[in-house]
1. Hey, can you tell me all the residues within the range 435-483 that are of a type in the set (A, V, I, L, M), buried (at least 18 other Cβ atoms within 10 Å of the Cβ) and part of a loop (DSSP other than H, G, I, E, B)?
2. So which helices (runs of 4 or more DSSP H) are wholly in the range 1-107 and hold at least 2 residues that are farther than 26 Å from ASP221 by Cβ and at pLDDT 95 or above?
3. Mind counting the residues in the range 392-434 that are in a loop (DSSP other than H, G, I, E, B), closer than 21 Å to MET273 by Cα and touching a Lys or Arg at 6+ places or on another chain (Cβ under 6 Å)?
4. When the range 104-156 is examined, which residues are found to be within 16 Å of the ligand (Cβ to nearest atom) and within 22 Å of LYS54 (Cα to Cα)?
5. Those residues that are among the β-branched types (Val, Ile, Thr) and surrounded by 22 or more Cβ atoms within 10 Å (Cβ to Cβ), I need them from the range 4-25; list them, please.
6. Which of the following residues is farther than 17 Å from ILE463 by Cβ, β-branched (Val, Ile, Thr) and surrounded by fewer than 20 Cβ atoms within 10 Å (Cβ to Cβ): VAL204, VAL135?
7. Here are some conditions: (1) in contact (Cβ under 8 Å) with a residue 24 or more places away in the chain; (2) surrounded by fewer than 20 Cβ atoms within 10 Å (Cβ to Cβ); (3) in contact with a Phe, Trp or Tyr (Cβ under 7 Å, 6 or more places away or on another chain). THR91 meets all but one. Which one does it not meet?
Amino acid sequence: MQTQPTASHFVNGEYVEDTAGEVIDVIYPATGEVIATLHAATPAIVDQALNAAKAAQKEWAGWSPTERGRVLRRAAYMIRDRNHDLSVLETYDTGKPYQETSVADATSGADALEYFGGLAASITGEHIPLGGDFVYTRREPLGVCVGIGAWNYPTQIACWKAAPALACGNAMVFKPSETTPLCALKVAEILHEAGLPAGLFNVVQGYGAVGASLISDPRVDKVSLTGSVPTGRKVYAAAAEGLRHVTMELGGKSPLVIFDDANLENAVSGAIMANFYSTGQVCSNGTRVFVQGGIKEAFLERLVTRLANVKMGDPQDPEVNFGPMASERQRDIVEGFIEKGVAEGARLVTGGKRVEGPGSFLEPTVFANVTDDMTIARDEIFGPVMSVLDFETEEEALARANATEFGLSAGVFTSDLTRAHRMAAGFEAGTCFINSYNDAPVEAPFGGMKLSGVGRENSKAAIEHYSQIKSIYVRMSEMEAPF
Ligand code: NDP
């Protein structure tokens, strides 16, 4: 497959290049080979993108919402038709196995475009009667939105931000992570092929500095970031300077609580999905797995047996179900955490080692006897490392599950119906799961509490974050004044 794109950026409906920008080598994580060479956006490219977005937005906002929605839905169908090629590219960009990308990435992006395409025509204001007079409201776009993406889900993140933004009548300038810059360009290409007018979805490449220059630009009305908490703090602060709207989808250290009465096989599947999908590089992962005393040994035994079915190798091989880390740098970071886990006294049950040879592969790793104060139980690792913690009572599990500054997700496995709902109500987290983990349907709001974020993506809730309300007072009687 041709992995070198036509040019580094997609601005005003076409590919553009400026070789004066810093070089970005795109590395296939499974082999370490350079598969494309791009350039970071120069100030001239950023300027072109913002100008194009600003110029195109007003006319787009004037389209009938049904017509806007039709473009998005057309793009969704095109993405589904091209799912194979897009999934192969996603695998080159991220190293995630094709077995995953073919069902979870372009398809999830298409879901968002289809959903918000369908919703566009239902984005309306309301009529507020006041006796004779009345107020009506209009739900209007914000203007130019900036999207900044992390490297774990490049297609999905681009679509989750573009779809609601465009449905509401905004324009977007999107900056992918420099680790995975390829997929968003394809999203831009397809949106334009589907009939999106030039300038409405622009992709500019770059490191953090390019993102920072976008956020502080006076032409920008909103910033939506998917990234880590430290970056979130910086981006939020910079956006606040200009009182810009924000959506912050940040990191987590989510709990998964497994009670003695859980269905063992389902609980093990849940823990696997909560820790090892995408080689553990998922923000909502349930990496603190609290297991009640009575089921602990059986849980660990079954988990280790199931992990023997992990198949590492060339991620393009559909039989492979576990890919490399997205970058060498990320593998080094995760190995550092594994060393800390051992040094602080956790019991290494399985894994823990890098796989020698090409590519940034790391074994799926499970620690048991983890305590709340250990580094591996407190910090987001963002890799295939599960920490199993012991507990005895429901009250204890809930208190310890919530004893974190993060609040992205939480899950519970139990066959006690009322306990499941009590736990879900008690979790301090934006997205909770009962007898499941890590499902992210576009119909459901997704986002974090506490340090894990601000705002919600997906669902009708996202409309609130990509539009603003205007009230219009209408007097039906004579206007009175004191003099
Ligand atoms: P980073 O926070 O390092 O980077 C996120 C993006 O922000 C990148 O495009 C980055 O560019 C850019 N950036 C960095 N500094 C600035 C700045 N000062 N101003 C503007 N933009 C900036 O995250 P990672 O890419 O390492 O992704 C992993 C993190 O993302 C994890 O913490 C994970 O939990 C979180 N995440 C959250 C999700 C959610 O929905 N809640 C989903 C997926 C991931 P560059 O890479 O070039 O520095």
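1. Answer for the range 435-483, where residues must be of a type in the set (A, V, I, L, M), buried (at least 18 other Cβ atoms within 10 Å of the Cβ) and part of a loop (DSSP other than H, G, I, E, B): ALA440, VAL442, LEU451.
2. Where helices (runs of 4 or more DSSP H) fall fully within the range 1-107 and carry at least 2 residues being farther than 26 Å from ASP221 by Cβ and at pLDDT 95 or above, they are 65-81, 83-94, 98-104.
3. The number of residues fulfilling the criteria is 0.
4. Step one: of the range 104-156, the residues within 16 Å of the ligand (Cβ to nearest atom) are 104-105, 108-109, 111-112, 144-156.
VAL144, CYS145, VAL146, GLY147, ILE148, GLY149, listed by residue number.
5. Let us first name the residues in the range 4-25 that are among the β-branched types (Val, Ile, Thr), namely 6, 11, 16, 19, 23-24.
Across the range 4-25, the qualifying residue is only VAL11.
6. Working: VAL204 fails: surrounded by fewer than 20 Cβ atoms within 10 Å (Cβ to Cβ).
Testing whether each residue is farther than 17 Å from ILE463 by Cβ, β-branched (Val, Ile, Thr) and surrounded by fewer than 20 Cβ atoms within 10 Å (Cβ to Cβ) leaves just VAL135.
7. Unmet for THR91, out of (1) in contact (Cβ under 8 Å) with a residue 24 or more places away in the chain; (2) surrounded by fewer than 20 Cβ atoms within 10 Å (Cβ to Cβ); (3) in contact with a Phe, Trp or Tyr (Cβ under 7 Å, 6 or more places away or on another chain): (2).
Here is a yes/no grid of residues against (1) among the aliphatic types (A, V, I, L, M); (2) assigned to a helix (DSSP H, G or I); (3) under 20 Å from the mean Cα position of the chain (by Cα):
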residue	(1), (2), (3)
THR137	no, no, no
ALA158	yes, yes, yes
LEU166	yes, yes, yes
ILE190	yes, yes, no
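The values are calculated or read from the model by the stated rules, or taken from the named source; none is laboratory data. Computed from a prediction, not measured in an experiment: that's the story for all the values here. Every residue, glycine among them, receives a Cβ derived from its backbone with ideal geometry; neighbour counts consider all protein chains shown.
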